[in-house]
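What follows is a set of notes on a single structure, which appears directly below.
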Amino acid sequence: MSLLRRSTLLRNGLLALCGLGIMLAVTEGLSDYRNTQLANIAVTVCAVAGLTVLTGLSGQISLGNGAFMFVGAYTVGLLLMHNPGTNNGELVLVLAASALVAAVAGGLVGVAAARLRGPYLAGITLALALGLPALPEYSHFQGKLGGHAGLNFLAPNPPGGMNFFRWQAWVCLIGAVVTLFLLANLSRSRVGRAFRAVRDDEISASLAGLSVARVQILAFTVSAACAGLAGGLFAVINGNVLPSGFPISLSLSLLAAAVFGGLGTLSGAVYGSIIVTLLPQWSYDLAHAFSMPDRVQLNLPQAVYGAGLILGMLLFPLGIQGGVRRIWALGRNALRTKPAGN
Amino acid sequence: MTSGLVLDNVVTTYGAVRALDGVSLDVADGKITAVLGANGAGKTTLLRTVNGLVRPAAGSIRFGGHDLLATPVERIVTLGIAHVPEGRGVITELTVEENLRLGALWRSDRRRETVNGLATVYEMFPPLAERRDRAADTLSGGERQMLAIGRALMSRPSLLLLDEPSLGLAPRITAQIMATLRRLSAEDGLTVVLVEQNARSALSVADSAVILNLGRVVASGAADDLAGDEQLRHAYLGF
Amino acid sequence: MTFLNLVISGAANGVVYAAVALALVLIWRSTGILNFAQGGMLMFTTFIAWDLVHLHGANYWVGLVVALLAGLVLGAVVERVLIRPIEGGPPINPVIVTLGLLLLLEAVAGMIWGSGVSSFAPEFSLNDYHVGHQLILFSPDYLFIVLAVLGVMVALYVLFQHTPIGLRMRASAFNPEVARLLGVRVGRLLTLGWGLAAMVGALAGVLIAGTQPGYINPNAFDGLLILGFTAAVVGGLDSPLGALAGGLLVGVIQQLLDNYVSIDLDSFYTFVVLLVVLMLRPSGLFSRTAVRRV
Ligand SMILES: Nc1ncnc2c1ncn2[C@@H]1O[C@H](COP(=O)(O)OP(=O)(O)OP(=O)(O)O)[C@@H](O)[C@H]1O
Ligand SMILES: [Mg+2]
C-alpha cells in the first residue's frame with residue numbers, strides 16, 4: 001500500500017490497466033455504432049491530452065495540432081498502402097511511426113515556437129494548420145500523396161475473427177490509455193515540473209537553471225507526438241486519409257475540447273473529448289427532433305464549439321474544471337466559516 | 001470654505017493589505033498641502049482613491065459639494081481636479097504638444113482654451129516650446145515632469161494632485177518645480193496636494209502637511225511646525 | 001514584362017491583405033489583442049452584402065455600404081459583449097474567445113447561407129488593361145480596390161492624427177489610465193476602435209469577394225485572415241503604414257511563388273513566409289519598436 005502511494009508510476013500503471021480492462025470488457029456489450037463512437041472518442045482523447053499538456057502545463061498555445069494529426073495520418077496511410085498485409089503486431093510499429101514522425105515535425109515547429117509568444121505563436125500555428133494539409137495537392141507530391149483524392153489502404157484484419165468495430169475500439173482505447181499513462185507520468189515527473197515552472201514564470205525558471213527554449217520545444221514535441229498518434233489511429237479506423245479531413249476547425253475543436261475540460265488536466269481532456277465527439281450526434285438528433293434543415297444541423301456542432309469556447313472563457317476563465325474547483329472551494333469555505341461565525 | 005477636498009475616514013484595501021486605514025483630511029483651499037511618509041505609507045493610494053482609480057472600502061470623499069465616490073474617473077477632471085501621476089505618466093508615443101492638447105480636450109471651449117493654455121505652458125516651461133513636435137519619449141526626466149505638470153495645468157484645475165514630482169530629478173530642477181507650484185498657489189489660488197518622499201523640499205513650499213504611516217495619519221499641522229518637530233522628523237521623515 | 005506584371009497583380013492583391021492587416025493592427029495597437037475572429041467577421045459582413053445584392057436585387061453600392069455599417073456594429077458589439085468582460089485576464093483568454101467567435105460566425109453563416117460556394121459579381125470589369133498590345137495584369141476592378149483601400153487608409157490617418165477624437169483614441173490605446181485621468185472615456189473609444197477596425201475588414205471582404213467567381217463560402221476567408229496576419233507581422237503588428245507595406249510585400253511574394261513554383265502550395269507559402277519573418281525579425285521588417293526593443 002505504501003509502495004503504491006510512493007510510486008506514481010506503479011499507481012498510474014495499475015490505474016491504466018484497470019481502466020483498460022473495464023473498457024475492453026465494456027466493448028463486448030456495445031453495438032457496432034457505439035464501438036465506433038468509442039473509437040472516435042479515444043482518438044480525440046489522444047490529441048486533446050497532448051494539447052492540454054502543451055497549453056495547460058507549458059503555457060504555449062497551438063492552433064496547429066490538426067496539422068500534426070495530418071502528419072500522423074499520412075504516415076500511417078503511406079506505410080499501410082505500401083505494405084499491404086501488415087499484421088496487428090506490426091500495426092503497433094506503424095502507429096509508433098506516426099507518433100515519431102509527427103514528433104519530429106513538432107520539434108521543428110517547436111524550435112520556432114520557443115521564440116514566439118502568445119498571439120504570434122497562435123498565428124503561426126494557425127498558418128501551419130491551414131498550410132500543411134495543402135502539401136498533398138502540390139503537383140510533384142500528387143503521385144506519392146494522392147492529391148485531392150487522398151490515400152486508400154487496408155487496415156490489418158482483426159485477430160481471431162474478432163468483430164471489426166470492437167477491434168477498432170480496442171486499438172484506439174489502447175492508444176488513448178497508453179497516451180494518458182505516459183502523459184500522467186510525464187506531468188508528475190521533473191519534466192512536468194519544468195513545464196509548469198516555465199509556464200508560471202520564464203525568468204525565474206531560467207534563473208533556476210532551466211533552458212526555457214529546450215523545455216518549450218520538448219513540450220511541443222510531446223504534444224505533436226500525441227496528435228500524430230491520434231492522426232494515425234484516425235487513419236486506421238477510416239481506411240483512408242484526405243487533405244480535406246484536416247481543416248482549421250479540426251484544430252480549433254481540439255482546443256475547444258481542452259478548454260471545455262479545463263486546460264492542463266488529463267481527466268478534463270477525456271471529458272472534453274467526449275463532449276466534442278458526441279456533439280455532432282446530439283445535434284443530429286436534436287435537428288431531427290425539431291426537423292431543422294440540413295444546413296442548420298450540419299453547422300450546429302461547430303456553433304456549439306464556438307459558443308462553448310466563448311462562454312467557457314466568460315464564465316470560467318480558468319476552464320470548467322477550474323470553475324468547478326472554485327465553486328467547490330467556495331462551498332467548502334462557506335461550510336467551514338459558518339460554525340465559526342455562529 | 002466648504003468647497004475644498006474633504007476625506008472622511010477613508011479605508012482602501014488591496015486584498016488583505018489596508019493601504020489606507022481610516023484617513024480623514026481637510027485640504028485647505030488655495031494652499032499647498034504636503035502629504036509625507038515612508039515608502040508604502042499609502043500616499044499614492046491616497047491620490048488614486050481621490051481620483052477614483054481605486055475605490056475605497058469605506059469612508060467618504062467630497063470635493064466642492066460633489067461626492068467623488070459616485071463620480072467616474074473620466075469626470076473627475078471636469079470638476080477641476082488634475083492629477084500628475086507617479087512616474088510622471090506622460091504618454092510617450094504622443095508628441096509634446098499632443099500630450100498638452102489632451103489636457104484641455106474635455107472642455108467644451110477647448111479651441112480657445114487650447115490656444116491660451118499652450119501659450120501659458122510654453123511660457124512657463126520654455127524647453128517644452130522648443131520640443132513641441134517631438135515624441136515625448138525623447139524628453140529628459142525633468143522635461144517630462146514639466147510636461148506632466150503643464151498638461152495638468154491645461155485643464156485649468158482648481159485642485160492639483162502631484163505624486164512625487166521630485167522623483168529622480170536634480171535638486172535644481174526640483175527647486176524650480178517647487179517654486180512654480182508656490183507661484184501658482186499664490187497668484188492663481190490653486191489648491192495643491194503634494195505627495196513627496198523628499199520631505200525637506202516639500203515642507204519648504206507647503207503651507208501645511210500631513211504625515212502618513214502604514215495608512216494612518218500620524219501627524220498633521222502647519223508645515224513649519226512639523227519641520228520644527230525634531231521627534232517627528234526623526235521618526236517619520238528621516239532628516 | 002511577365003515579372004513586372006506579376007509584381008503589379010501581386011501588389012494589387014496585397015492591397016486587400018493590407019486592409020485586413022490594418023484591421024488587425026488597429027485592434028492590436030489599442031488592446032494588445034489579436035482578433036482571430038476578423039476573418040469570420042468580414043466573411044459575415046460580405047455575406048450580408050451578397051445577400052442584399054444577389055438575393056434581394058440591391059445595388060452594389062448599397063451592399064457595400066451596408067457591409068461597412070454591419071462591420072462597424074459587429075466590431076463594436078464584439079468589443080462590448082465579448083472582449084470587455086475578459087479584460088485584464090490571462091492573455092490566452094482573448095485568443096480563445098476570438099477563435100470561438102470565428103467558429104461561431106462560420107457556423108452561423110453556414111446555417112443561414114449554406115456551406116456551398118457563391119459568387120459575388122464585382123461592380124467593375126475584371127478584364128485586364130492593355131497598353132498598346134501589351135497586356136497589363138490590372139483591371140478596372142483592381143483599380144477600384146486600390147483606390148478604395150488607399151482612400152480608407154488616408155481617411156483613417158486624418159482621423160487619428162488630425163482630429164480630437166483620433167487623439168483621444170491614440171491616448172486610450174497607449175495609456176488608458178492616464179487617458180481616463182484626462183477625461184477621455186476610454187471604454188467608448190475602444191468600442192469605436194473595434195468598430196472602425198471591423199469596418200476596414202468588411203471593406204476588404206467585399207472587395208476580394210468580387211475578384212474570383214465562386215469565392216465566397218463560410219470558410220473561404222480563413223486564408224485571407226492568415227495572409228492579413230502575415231502582412232501585419234511583416235509590418236511590425238503595431239504600425240498602420242507597416243500593414244500597408246507588409247500587405248504589398250506578401251501579395252507580391254505570393255504571386256511570384258504561385259507563378260514560378262506552384263499555385264497548389266498557396267496556403268503553405270503563407271506559413272513559410274510567416275515563419276521566415278518571425279525567425280529573422282520577430283518584431284517585423286518595418287517596425288519602429290524593433291529599434292526600441294533592442
Ligand atoms: N495594486 C496594488 N496591489 C496590492 N497592493 C498594493 C497595490 N498598490 C499598493 N499596494 C500596497 O499598498 C501599500 C501602500 O502603497 P502606496 O503605493 O500607496 O505607497 P506610497 O506611500 O505611495 O509609497 P512610495 O513612496 O514608495 O510611492 C503598500 O504596502 C503597497 O505594497
Ligand atoms: Mg507612491
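The values are calculated or read from the model by the stated rules, or taken from the named source; none is laboratory data. Note that the structure is predicted; figures quoted are calculated from it, not measured. Cβ sites come from the backbone with ideal geometry, for glycine too, and all protein chains shown count toward neighbours.
Quick notes on this one:
- Within region B:201-222, residues that are within 14 Å of another protein chain (Cβ to nearest Cβ) reach no partner that is part of a helix (DSSP H, G or I) and more than 16 Å from ligand 2 (Cβ to nearest atom) with beta carbons closer than 6 Å at six or more positions or on different chains.
- In region B:37-54, the residues that are part of a loop (DSSP other than H, G, I, E, B) and near ligand 1 (Cβ under 8 Å from one of its atoms) reach residues that are at pLDDT 90 or above and charged (D, E, K, R) with C-beta atoms within less than 7 angstrom, at least six apart or across chains, in these pairs: B:Gly37/B:Lys43; B:Val54/B:Arg48.
- For region A:94-133, the set of residues classified as within 8 Å of chain C (Cβ to nearest Cβ), assigned to a helix (DSSP H, G or I) and more than 21 Å from A:Gly245 (Cβ to Cβ) consists of A:Ala112, A:Gly118, A:Pro119, A:Tyr120, A:Ala122, A:Gly123, A:Ile124, listed by residue number.
- Summed over region A:25-78, residues that are out of contact with any Cys (no Cβ under 9 Å at 6 or more places or on another chain) and among the β-branched types (Val, Ile, Thr) total 10.
- B:Asn99 satisfies every condition listed in (1) in a helix (DSSP H, G or I); (2) touching an Asp or Glu at 6+ places or on another chain (Cβ under 6 Å); (3) more than 16 Å from ligand 1 (Cβ to nearest atom); (4) not charged (D, E, K, R) except (2).
- Some residue of region B:141-156 being in a helix (DSSP H, G or I), within 16 Å of ligand 2 (Cβ to nearest atom), over 20 Å from C:Leu167 (Cα atoms) and within 14 Å of the chain's Cα centre (by Cα): yes
- Unmet requirement for B:Thr33, which otherwise passes all of (1) in a helix (DSSP H, G or I); (2) within 25 Å of B:Phe125 (Cα to Cα): (1)
- Of all the listed residues (B:Thr12, B:Thr71), the sole one being out of contact with any Asp or Glu (no Cβ under 7 Å at 6 or more places or on another chain) and within 16 Å of ligand 2 (Cβ to nearest atom) is B:Thr12.
- Flag for B:Val73 being without any contact (Cβ under 8 Å) to a residue 60 or more places away in the chain and within 16 Å of ligand 1 (Cβ to nearest atom): yes
- Answer residue from region A:134-164, given it is surrounded by 15 or more Cβ atoms within 10 Å (Cβ to Cβ) and on the phi > 0 side of the Ramachandran plot and is nearest to the other protein chains (Cβ to nearest Cβ) among those: A:Gly147
- Filtered by the rule that a residue be more than 7 Å from every other protein chain (Cβ to nearest Cβ) and either within 10 Å of B:Arg156 (Cα to Cα) or surrounded by fewer than 19 Cβ atoms within 10 Å (Cβ to Cβ) (or both), region B:78-95 gives B:Leu79, B:Gly80, B:Ile81, B:Ala82, B:Glu86, B:Gly87, B:Thr92, B:Thr95.
- Within the option set C:Ala197, C:Ala232, being within 11 Å of another protein chain (Cβ to nearest Cβ), touching a residue at least 12 places away in the same chain (Cβ under 8 Å), of a type in the set (Gly, Ala, Ser) and not in a loop (DSSP other than H, G, I, E, B) holds for one residue only, C:Ala232.
- Flag if B:Ala202 is within 16 Å of ligand 1 (Cβ to nearest atom), in a helix (DSSP H, G or I) and within 30 Å of B:Tyr236 (Cβ to Cβ): yes
- When A:Ala219, A:Ala205 are checked against the criterion of being farther than 24 Å from C:Gly110 by Cα, at pLDDT 90 or above and small (Gly, Ala, Ser), a single residue qualifies: A:Ala219.
- Residue count for region C:169-214 satisfying the condition of being surrounded by fewer than 20 Cβ atoms within 10 Å (Cβ to Cβ) and more than 21 Å from C:Leu159 (Cβ to Cβ): 5.
- Just so you know, in region B:35-59 the residues that are hydrophobic (A, V, I, L, M, F, W, C) and surrounded by 24 or more Cβ atoms within 10 Å (Cβ to Cβ) include one that is farthest from ligand 2 (Cβ to nearest atom), and it is B:Val50.
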